[in-house]
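Visitor: Please find one structure pasted underneath; my questions will follow.
Here, each number is a calculation from the coordinates, and none is a lab measurement. The model shown is predicted, which means the values in this text are computed figures rather than measured ones. When we count neighbours, we look across all protein chains shown, and the Cβ atoms used for this are built from the backbone with ideal geometry, even at glycine.
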Ligand code: AHR
């Protein structure tokens, strides 16, 4: 192989490898959003889902679900409990999201909106129950007011379990109203109260992502327009964020998740702040007046599109405007005076057809007129090579679109076969955002799909092609991102978790190695003057890292045989004698990671000696290697 280290072919954008976030597979509620109580505000279609009435020590009572939709349409339900016995306790337990994950010695914060209904003095006793029903944490509080007020108390757990339950006991005859019954760990990401699970956000930070795309995915569209994602309803106090059913709630009959709702506790402010925390450029995707085509396919008439377009304009102002603007002031009031530096926005998720183009034109005109520097991400539909895809591709090129969002969920072989996909792309047209992709071991949306090494290795092969074409491919993200091992709808996914732990898949490690080793500029790596994309079942790319003064080689061997490879490097003054090699390999292409063997397939570092400007390396079967050579 030959590397021309002095012939820069393309600049690699800082955004090159990023993250796709969608609340699918309990990614947000039940996942990264650290709320432990399910259905905290009784807004599920069955308002007491997740809750169970309890009595002990002779306690008794009854409860009504009150609907105050006229007064509080965004948070209609609360419960009114009548405690009818002087003795004992009456109350409710909450099952959490497949249980509640709590840790020994850690502090938890319980909070509730409450009001005593009349001259009563109902007292609340909070208990955390462990695996055998043992009490592993407790606290008490007495709401004092006859008006709605928020009360909170902290307590510690004396045990670690992923399956705790919360008991809220009431005692003392009387009537009390309760809403927003909530419990959070004190330790969250950056210790923000009511924040995000620190271990899961750390997984994202460890990717050093160039961008964070949010909030989806199909949930942007909604099954019907009423249940589309509306960012304005996801900011400000959490009790004012209107809950809706999650679009993935009833998606798959064989894996139903009837308890899947969106509280929007992870809302747009949190998305922007997380992006900022982890150094990622924010990329919000907005509904373009179309519901999901796979469901109702509802459309907003073109002459009624204004509120949708206004949402996009207001979002840009919310992200970038100063405190003299309406939405910039709101961001400032929410505690973030500095702008979020939004540079791009997505119009529609997986949309197609003339209906999409018509709406896209209206959005684009409005956004570009007011914010000419904002880049618009346009969807190319769900399939890589379908009719709609090709048509849209042509149309958008004609319309001078900025960035095209391609999605590919395809067999592992497709990824290997498509490593040259962008080699001959039009360099003058729109840039490419590989916005959702993942190799499917069985078939798309098959529940038996695995995050196995063959898929991850094939994605690595494909990604050498993305990187080699970094002048046209500016962004890429694997999808979906997160999945709860007991509450998923879709597989494969990048990160799997339970209520306490998580593991990174082989696919995650591939993404991470590309991201941490992307370099700044592509240089040619060739075999007989050709890009390496399948010869000897190998795939390779090379880049310079001008920040660290290194040459970075990525080499993917998808064959069953080991290979002895040699790289002749020209155009360099020479390298330090030792280079660092990072390898991921597995003997078995079906190898996977799991909660019990989280790093079975993961990167290992070693050193290698270089002689002059030649690097010789033994490459194991089924392996992916990255070599970093430091210039002298
Ligand atoms: O990633 C899962 C789904 O796949 C996304 O919601 C959608 O955009 C795509 O079809």
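Visitor: Taking the Cβ of each residue in 46, 100 as the centre, tally the other Cβ atoms inside 10 Å and list the residues starting with the fewest. Intermediate values should be presented prior to the final figure.
Guide: Details: 46 12, 100 26.
Going from least to most buried by this count: 46, 100.
Visitor: Something else: Need the C-alpha centroid separation for region 141-201 versus region 534-600, integer Å.
Guide: 48
Visitor: Suppose a student asked you for the relative contact order of region 485-586, using Cα pairs under 8 Å spaced at least 6 residues apart; what percent would you report? Each step should come with its number before you reach the end.
Guide: Values: 93 pairs, mean separation 15.3, N = 102.
Over region 485-586, the number comes to 15 percent.
Visitor: For a test of the definition: using alpha carbon positions, the gyration tensor, and the 1.5 limit on a/c, classify region 461-513 as rounded, prolate or oblate. Spell out each step's value before the answer.
Guide: Details: a/c = 3.47, a/b = 2.52, b/c = 1.38.
Taking the square roots of the gyration eigenvalues as a ≥ b ≥ c, region 461-513 is prolate.
Visitor: To continue, here is another question. When the convex hull of the C-alpha atoms of region 555-618 is computed, what volume per residue in Å³ does it have?
Guide: So the per-residue hull volume is 99 Å³.
Visitor: Right, something else. Once you have the Cα-Cα distance between residue 423 and residue 295, take 0.36 nm times their residue separation minus that, and quote the gain in nm to one decimal. Don't skip to the end; give the middle numbers.
Guide: Values: separation 128, 0.36 × 128 = 46.08 nm, distance 3.57 nm.
Stretched fully, the residue 423-residue 295 segment lengthens by 42.5 nm.
Visitor: How far apart, in nm, are the 7 Å Cα→Cβ label points at residue 549 and residue 448?
Guide: It works out to 5.5 nm between the two label points.
Visitor: Return the Rg/Rh ratio of region 51-185 with Cα-based radii and a Kirkwood Rh. Present the calculation step by step, with values, prior to reporting the outcome.
Guide: Details: Rg = 14.7 Å, Rh = 15.2 Å.
Ratio value, two decimals: 0.97.
Visitor: Calculate how steeply helix 506-516 sits against the longest principal axis of the alpha-carbon atoms of the chain, using the helix alpha-carbon long axis, and give the answer as 0 to 90 degrees to the nearest 10.
Guide: Relative to the chain, helix 506-516 is tipped by roughly 70 degrees.
Visitor: If you take the Cα atoms of the chain, find Rg, then find the Kirkwood Rh from the mean of 1/r over all pairs, what is Rg/Rh?
Guide: On the way: Rg = 26.6 Å, Rh = 26.2 Å.
On the Cα set of the chain, Rg over Rh gives 1.02.
Visitor: Now for a separate question. With the crude spin-label approximation of a point 7 Å out along Cα→Cβ, what separation in nm comes out for residue 620 versus residue 323?
Guide: In this crude spin-label approximation the distance works out to 5.7 nm.
Visitor: Mind jotting down the distance between the C-alpha centroids of region 64-87 and region 431-503, whole Å?
Guide: 44
Visitor: Continuing with this model, one more query. If r is the Cβ-Cβ distance from residue 607 to residue 186 and R0 is 35 Å, what FRET efficiency results, to the nearest 0.05? Walk me through the numbers on the way to the answer.
Guide: Values: r = 43 Å, r/R0 = 1.22.
It comes out at approximately 0.25.
Visitor: Give the order of 604, 32, 523 when sorted by the count of other beta carbons within 10 angstrom, beginning with the fewest.
Guide: Working: 604 10, 32 28, 523 25.
With the fewest neighbours first, 604, 32, 523 line up as 604, 523, 32.
Visitor: May I pose another question? Using the Cα gyration tensor of region 281-328, with a ≥ b ≥ c the square roots of its eigenvalues, what is the shape: rounded (a/c below 1.5), prolate (a/b larger than b/c) or oblate (neither)?
Guide: Cα axes put region 281-328 in the oblate bin.
Visitor: Which value in nm describes the separation of the simple spin-label points at residue 48 and residue 334, placed 7 Å from the Cα toward the beta carbon?
Guide: 3.5
Visitor: When a/c is below 1.5 the answer is rounded, else prolate if a/b is larger than b/c, else oblate, so apply that to region 130-195 with a ≥ b ≥ c taken from the square roots of the Cα gyration tensor eigenvalues. Please list the in-between numbers first.
Guide: On the way: a/c = 2.57, a/b = 1.33, b/c = 1.94.
Taking the square roots of the gyration eigenvalues as a ≥ b ≥ c, region 130-195 is oblate.
Visitor: Starting from the Cα of residue 341, move 7 Å in the Cα-to-Cβ direction to define the label point; list residues of region 498-527 whose amide nitrogen is under 20 Å from there.
Guide: 515-521
Visitor: Using 1/(1 + (r/R0)^6) with R0 = 30 angstrom and r between the beta carbons of residue 70 and residue 252, what's the FRET efficiency to the nearest 0.05? Write down the numbers at each step before the final one.
Guide: Numbers: r = 36 Å, r/R0 = 1.20.
Result of the calculation: an efficiency of 0.25.
Visitor: Quick one: of the DSSP bridges fully inside the chain, what percent are antiparallel, nearest 5? If you can, show how the numbers build up before the last one.
Guide: Working: 107 of 144 bridges.
Beta bridges within the chain, antiparallel portion: roughly 75 percent.
Visitor: In degrees between 0 and 90, to the nearest 10, how far off the longest principal axis of the chain does helix 268-277 point, with axes built from Cα atoms?
Guide: The two axes meet at around 50 degrees.
Visitor: Would you order 585, 190 from fewest to most other beta-carbon atoms within 10 Å of each residue's own beta-carbon? Show your work: numbers first, answer last.
Guide: Values: 585 18, 190 11.
Placing the least packed residue first, the sequence is 190, 585.
Visitor: Restricting to DSSP H runs of at least four residues, report the calculated mean residue ellipticity at 222 nm for the chain, -39500 (n - 2.57) per run over all residues, nearest 500 deg cm²/dmol.
Guide: Details: 10 runs with 108 residues, N = 632.
The per-residue figure over the chain is -5000 deg cm²/dmol.
Visitor: Now for a separate question. Evaluate the relative contact order of the chain (contact order divided by residue number), counting alpha-carbon pairs under 8 angstrom at least 6 apart; express in whole percent.
Guide: Here the relative contact order equals 15 percent.
Visitor: Sort 391-399, 558-566 by the packing proxy (mean of other Cβ within 10 Å over each peptide's residues), most packed first. Please report the intermediate quantities before stating the final value.
Guide: Values: 391-399: 15.7, 558-566: 13.8.
My ranking of the peptides, most packed first, is 391-399, 558-566.
Visitor: Here's something else I'd like to know. In degrees from 0 to 90, rounded to the nearest 10, what is the angle of the helix 353-370 Cα long axis to the longest principal axis of the chain?
Guide: 90
Visitor: Moving on. Relative contact order (percent) for region 6-112, with alpha-carbon contacts under 8 angstrom and 6 or more residues of separation?
Guide: Working: 121 pairs, mean separation 28.7, N = 107.
Contact order relative to length: 27 percent.
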